[in-house]
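Comments concern the structure below.
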Amino acid sequence: MSGEKTSILILYTGGTIGMMQDPQTGSLVPFDFDNLYDHLPVLRNLDYQLDFYAFDNLIDSSNMTPDFWVTLAKKIESCYEKYDGFVVLHGSDTMAYTASALSFMLENLNKPVVFTGSQLPMGMVRSDGRENIIAAIEIAAAKDEDTAKVPEVTIFFENQLLRGNRTTKHNAEHFNAFVSGNYPSLADVGVRIKYNKEYITKPNFKKLKLHTKLDNNVAILKLFPGITKDLVHHTLNTPNLRGVIIETYGSGNAPTASWFIDELKNAIDRGLIIYNVTQCKSGSVEMGRYETSLDLNRIGVISGHDITTESAIAKLMYLLGEDYPIEKIKELLQIPIRGEITL
Ligand code: ASP
């Protein structure tokens with residue numbers, strides 16, 4: 001699109017960033033994005049074509065659903081040719097889940113999709129939203145020649161650009177709300193925006209392929225000392241369940257009690273996928289390193305390596321939705337398909 005202004009579509013899904021205090025009641029209400037320039041006059045100084053789109057049902061991201069992911073991904077696909085990049089304004093609570101899901105749904109993405117939000121509403125004096133949205137726009141617009149600098153689904157918060165499917169919300173108060181424990185930042189924003197090129201996915205210039213079939217017959221079973229047989233049994237016998245993440249200790253360890261291993265084995269024999277993801281925010285599952293994970297290996301539990309829980313649940317939904325044979329799903333769960341795992 002040389003010669004034309006770089007064009008960015010800003011998609012507003014809801015969340016704190018788009019809120020302001022109602023002068024009458026003092027409570028938080030969504031503000032009108034048509035008046036964004038009044039709230040952020042500095043945007044006029046950016047020499048880009050900025051368009052805004054607010055979804056009809058603006059939500060607190062705690063109400064996020066796979067259906068909304070489909071709506072969002074379809075919107076991006078339908079506008080894909082028209083824009084150079086996309087900024088998605090989203091509540092921070094489930095942002096890491098949505099960014100992960102979109103990374104799987106948008107195969108061959110060659111343009112930036114930058115998620116951002118804020119801890120304080122844009123309408124508040126000390127809001128982090130203003131800086132976040134401006135930097136997210138700059139990043140979405142950044143190019144080397146005609147090619148996007150960051151052709152990935154990312155999350156920008158405070159001063160770091162992180163790969164979306166590597167990210168977890170770890171702080172409910174600090175402006176620096178997200179962590180990527182197993183992958184370096186893609187860009188650091190200070191006086192300048194420093195892109196860490198070696199960590200950014202290279203564009204493949206293939207045609208965007210949208211995937212919208214997500215199967216949410218999945219579960220997360222977080223281990224804790226004292227977990228009961230009943231809880232494990234009932235979770236694994238949930239009707240229609242197809243895949244379960246077991247959030248294990250440390251490098252993928254779990255109790256060796258025979259009732260526990262038997263429950264998992266029975267589930268695997270019935271055709272369930274059991275996916276081992278660590279509770280730690282950094283480091284990797286290494287089944288067989290300790291005696292407490294040897295049995296998991298033996299009965300056919302699949303290693304999630306260093307994947308985040310958010311990314312693991314989105315990946316499971318995506319792969320189960322694609323209706324691959326179970327062996328193919330198990331194979332793909334153990335390797336990176338969108339940069340979500342390091343082997
Ligand atoms: N509860 C809000 C949400 O996730 C918090 C935020 O916007 O950051 O939508």
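The values are calculated or read from the model by the stated rules, or taken from the named source; none is laboratory data. Because the structure is predicted, anything quoted here is derived from the model rather than measured. Don't worry about glycine lacking a Cβ; one is built from the backbone with ideal geometry, like all the others, and counts go over all protein chains shown. All accessible areas refer to the heavy atoms of the entire protein, side chains included, with ligands and DNA or RNA removed. Shrake-Rupley method; radii C 1.70, N 1.55, O 1.52, S 1.80 Å.
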Query raised in the report: Considering Glu340, Glu310, Glu327, which residue is part of a helix (DSSP H, G or I) and surrounded by 14 or more Cβ atoms within 10 Å (Cβ to Cβ)?
Result: Glu310
Requested in this report: Please give the number of the condition Thr168 fails out of (1) in contact with a Ser or Thr (Cβ under 9 Å, 6 or more places away or on another chain); (2) modelled with pLDDT of 95 or more; (3) open to solvent by 20 Å² or more (accessible area, probe 1.4 Å).
Outcome: (3)
Query raised in the report: With respect to Leu28, is the statement that it is touching a helix residue (DSSP H, G or I) at 6+ places or on another chain (Cβ under 8 Å) and open to solvent by 80 Å² or more (accessible area, probe 1.4 Å) true?
Result: yes
Requested in this report: Search the range 91-102 for residues that are under 15 Å from Gly18 (Cα atoms) and pair each with any residue that is more than 7 Å from the ligand (Cβ to nearest atom) and of a type in the set (S, T, N, Q) when their beta-carbon atoms are under 8 Å apart and the residues are at least 6 apart or on different chains.
Outcome: Gly91/Thr13; Met95/Thr167
Query raised in the report: Do we have Tyr195 as open to solvent by 20 Å² or more (accessible area, probe 1.4 Å) and within 19 Å of the chain's Cα centre (by Cα) here?
Result: no
Query raised in the report: For Leu221, which of the numbered conditions (1) part of a strand (DSSP E or B); (2) more than 18 Å from Ser293 (Cβ to Cβ) fails to hold?
Result: (2)
Report summary line: Per the filter on the range 22-69, residues within 14 Å of the ligand (Cβ to nearest atom) and part of a helix (DSSP H, G or I) are Ser61, Ser62, Asn63, Phe68
Query - Residues of the range 262-271 satisfying the condition of being open to solvent by 10 Å² or more (accessible area, probe 1.4 Å) and either within 15 Å of Asn297 (Cβ to Cβ) or assigned to a loop (DSSP other than H, G, I, E, B) (or both) - result: Lys265, Ile268, Arg270, Gly271
Report summary line: Of Arg298, Arg289, the only residue that is farther than 21 Å from Asn216 by Cβ, touching a residue at least 24 places away in the same chain (Cβ under 8 Å) and basic (Lys, Arg) is Arg289
Query raised in the report: Which one of the conditions (1) of a type outside the set (Asp, Glu); (2) closer than 25 Å to Ser185 by Cα; (3) out of contact with any Phe, Trp or Tyr (no Cβ under 8 Å at 6 or more places or on another chain) does Thr342 fail to meet, given that it meets all the rest?
Result: (3)
Report task. Hey, could you check the range 300-343 for residues that are among the basic types (Lys, Arg) and within 17 Å of the chain's Cα centre (by Cα) and say which is nearest to Ile246 (Cα to Cα)? Result -> Lys315
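Ala99: open to solvent by less than 40 Å² (accessible area, probe 1.4 Å), within 28 Å of Tyr37 (Cβ to Cβ), within 20 Å of the chain's Cα centre (by Cα) and more than 16 Å from the ligand (Cβ to nearest atom), yes or no?
no
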Query - Matching residues in the range 215-236 - criterion: being open to solvent by 40 Å² or more (accessible area, probe 1.4 Å) and in contact (Cβ under 8 Å) with a residue 12 or more places away in the chain - result: Asn216, Asn217, Ile220, Lys222, Lys229, His233
Report task. Could you pull out the residue among Leu72, Leu109, Leu43, Leu11 that is among the aliphatic types (A, V, I, L, M) and either open to solvent by 10 Å² or more (accessible area, probe 1.4 Å) or touching a Gly at 6+ places or on another chain (Cβ under 9 Å) (or both)? Result -> Leu109
**Report entry** Which numbered condition Gly85 fails, given (1) open to solvent by less than 30 Å² (accessible area, probe 1.4 Å); (2) within 13 Å of the ligand (Cβ to nearest atom); (3) of a type outside the set (Lys, Arg)
**Finding:** (2)
